[in-house]
Amino acid sequence: MDTCPVIRTATYLSGQLYDDCPVRAVKEGPATMSVTNRILIIGAGPVGLVAANLLVDEGLAVTLIEASVDLPRDLRASTFHPPTLDMLERFGVTDSMIAQGLICPTWQFRDRNEGAVATFELARLGDETRHPYRLQCEQWRLGEMLHARLERHPLATLRFGCKALGARQNGSGVEVDLVDGDGTTETLSGAFVIGSDGIGSVVRKAMGAEFEGQTIPEIFLTISTTFDFSSAIPDIANISYISDPQEWFVLIRTASVWRALFPVDSGLTDQEVTAPERIERLLQGAVARPGSYEVRHRTAYRVHERVASRYVSGRMLIAGDAAHVNNPLGGMGLNGGRRKVALDVVQQTTLRNRAMLNTREPDARAAYYADLRRTVADPQAHKAYLMRTSMIQSLRDVASIP
Ligand SMILES: Cc1cc2nc3c(=O)[nH]c(=O)nc-3n(C[C@H](O)[C@H](O)[C@H](O)COP(=O)(O)OP(=O)(O)OC[C@H]3O[C@@H](n4cnc5c(N)ncnc54)[C@H](O)[C@@H]3O)c2cc1C
């Protein structure tokens, strides 16, 4: 059974999990599709695009509504975990992602002063997945491929440059109010609405779902640079979480640049956070070198750990960041999904990763390190850790729920 958030959405819509799902009534083939039985999807991020592709492949008409005029190319997810790559194969995009991306066979916890603490080897998952590695590939690359696939599909209608203002439902359908860039308003009808409209989801609000959790105190600053950190730190893995009681950071290599992520004081303005002098100081702190760093992108994010109180309400569903958000330490936001997994695995893992990176008490740091060293040294524990952090284990656990 498929269990990423949007695949879960599709299984609901296919009636596999949601037995009384009335969508079967509209699954009659393209000839009878009309505006009243289409599925409205709000938000063309990776989750909305995957949901739309799943549904058109199932023979259901979709109208995908996106506020931006173009697909965004911002610095967000780049890590794809093994089961996500397995799931994306059905769209014929995985090989192209691999060709454009960077295969990362290992990832590391490091101490800023001591160096490598633990190196995890994903090849140990060789019997569990067709992709026993993490892939670094910017999420917009996936978005562009999925978008191109929809553009060619007769059951997909794409409405870019249209913002959803609100949604409502009754026993037989849903309505979504839109406004376009000229201020023209319109109301669309459909059989269901999927809110893949990110953290501020209008569908989540229309469902009356709470977004329970916390906001992380620091701002996360993401930078990309052309400097090759492996030239200065030869044993660094392509994905490295670097712990330090004063200033932890993360270094991630993609096919073209290295990405660095630093925590920054949330009292600063956006302009202060992304000031060139701050960025240079942070990068020089990571690796001191003559001359200045060439920086390609910089983005500051406020980070939350929140899960919606429910994902489904009648004919309204939410998926992706609309339903669950977490800190990016572990690359699990886009790869995570079902509510139980978001609460029991993703939040626990990402919060523990943050604690391992920023804990100040020497004894607590030493205990974390000892635990990590024990885990990598024991083949069974090593594999179990990888099964959990790659989310293969939680997919299996969820699949076994009757
Ligand atoms: C710095 C950073 C690094 C990350 N790294 C990773 C990683 O390595 N791996 C990982 O798995 N995850 C990572 N994530 C998380 C990942 O980027 C998100 O989980 C992912 O983008 C969620 O996709 P989505 O489609 O649900 O939402 P989004 O990508 O937020 O897309 C939502 C879309 O909806 C549109 N929209 C919003 N409101 C409306 C409206 N009212 N009407 C119409 N359209 C609307 C938006 O314009 C947007 O296009 C990272 C996040 C950050 C911030």
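List of remarks:
- For the stretch 37-88, the candidate set comprises residues that are among the basic types (Lys, Arg) and more than 6 Å from the ligand (Cβ to nearest atom); within that set, the residue that is farthest from residue 336 (Cα to Cα) is 38.
- Boolean, residue 110 is more than 11 Å from the ligand (Cβ to nearest atom) and not polar (S, T, N, Q): yes
- Each residue in the stretch 199-230 was checked for being more than 16 Å from the ligand (Cβ to nearest atom) and modelled with pLDDT of 95 or more, and 7 pass.
- Condition check for residue 165 on (1) assigned to a strand (DSSP E or B); (2) crowded, with 16+ Cβ neighbours inside 10 Å; (3) hydrophobic (A, V, I, L, M, F, W, C); (4) within 16 Å of the ligand (Cβ to nearest atom): one failure, at (2).
- Screening the stretch 322-335 for residues that are in contact with a helix residue (DSSP H, G or I) (Cβ under 7 Å, 6 or more places away or on another chain) and not in a loop (DSSP other than H, G, I, E, B) and picking the one that is nearest to the ligand (Cβ to nearest atom) gives 322.
- In the stretch 368-398, the residues that are surrounded by 13 or more Cβ atoms within 10 Å (Cβ to Cβ), more than 25 Å from residue 220 (Cα to Cα) and small (Gly, Ala, Ser): 381, 384, 394
- Here residue 182 meets each of (1) part of a loop (DSSP other than H, G, I, E, B); (2) free of Cβ contacts under 8 Å to residues at least 60 places away in the same chain; (3) within 13 Å of the ligand (Cβ to nearest atom); (4) more than 30 Å from residue 358 (Cβ to Cβ) with one exception, condition (3).
- In the stretch 336-361, the residues that are in a helix (DSSP H, G or I), crowded, with 18+ Cβ neighbours inside 10 Å and either within 16 Å of the ligand (Cβ to nearest atom) or not hydrophobic (A, V, I, L, M, F, W, C) (or both): 339, 341, 342, 345, 346, 347, 349, 350, 353, 354, 357
- Flag for residue 318 being buried (at least 16 other Cβ atoms within 10 Å of the Cβ), closer than 24 Å to residue 134 by Cβ and among the β-branched types (Val, Ile, Thr): no
- Qualifying positions in the stretch 312-321 - away from the ligand (no atom under 12 Å from the Cβ) and assigned to a loop (DSSP other than H, G, I, E, B): 314, 315
The values are calculated or read from the model by the stated rules, or taken from the named source; none is laboratory data. Since the model is a prediction, treat every value here as computed from it, not as a measurement. Every residue, glycine among them, receives a Cβ derived from its backbone with ideal geometry; neighbour counts consider all protein chains shown.
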